[in-house]
1. Can you order the peptides 85-94, 50-59 by their average number of other Cβ atoms within 10 Å per residue, highest first?
2. Counting each pair of different Cα atoms once, what's the Kirkwood radius of the range 1-92 in Å, rounded to one decimal?
3. If you average the sequence gap of Cα pairs under 8 Å that are 6 or more apart and divide by the length of the chain, what percent do you get for the contact order?
4. Dipole of the range 9-120 (Lys/Arg Cβ +1, Asp/Glu Cβ -1, origin at the Cα centre): which of Ser9, Val108, Gly77 lies farthest to the positive side?
5. Round to the nearest 10 and give me the degree value, 0 to 90, for the angle of helix 90-99's Cα axis relative to the longest principal axis of the chain.
6. Go through the range 21-28 residue by residue and turn each phi into a ³J(HN,Hα) via Karplus (6.51, -1.76, 1.60, θ = phi - 60°); whole Hz please, and just put x for glycine and proline.
7. Kindly rank 101-114, 31-44 from highest to lowest mean number of other beta carbons found within 10 Å of each residue.
8. Among DSSP beta bridges whose residues both lie in the range 9-120, state the antiparallel percentage, nearest 5.
Amino acid sequence: MPAEQAPVSIDATLYGEGIALVTVAGELDVETAPELHNRLADQVRGGRRHLLLDLSAVPFMDSSGINALLKAHDTAGRAGGGVCLVSPAPAVRRVLDLTGVSLAITSVDDVDAALVHIGEGTARH
């Protein structure tokens, strides 16, 4: 009997108008990436055009996870915003670098740096 896949946890916190911090915990793979994609699309549809994705608790990400990030980057960009990755775990950062995703989507070390990157300072609303 195969081991049961641990679910991915995705929590969103609003940081001012048009900004969501989305904290992801668990593996992003073919089973869990569609949920992330849907949750990020919901954020953009809800008016959050800047998505700050905390990936510090994501130990593994495959091409499905990369695809979800790139789709979110495209969707947020079309809404006049963007995606900024916050503190990706070392294994995830390596995948982002190897695939060239890190050239398209900015990664920073913490939420304050992400807020500065999108021009919103450090105030949480």
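1. Values: 85-94: 18.2, 50-59: 21.8.
Top to bottom by mean Cβ count within 10 Å: 50-59, 85-94.
2. 13.1
3. In percent, rounded to a whole number, it is 23.
4. Gly77
5. Roughly 80 degrees, rounded to the nearest 10.
6. Going residue by residue, I get 8, 10, 9, 10, 9, x, 6, 9 Hz, with x marking Gly and Pro.
7. Working: 101-114: 16.6, 31-44: 18.6.
Highest to lowest by the protection proxy: 31-44, 101-114.
8. 30
The values are calculated or read from the model by the stated rules, or taken from the named source; none is laboratory data. Treat the numbers as computed from the prediction; the structure is a model and nothing was measured. No Cβ is skipped: glycine too gets one built from the backbone with ideal geometry, and neighbour counts run over all protein chains shown. Surface accessibility is based on the protein's heavy atoms, side chains included, excluding ligands, DNA and RNA. Shrake-Rupley method; radii C 1.70, N 1.55, O 1.52, S 1.80 Å.
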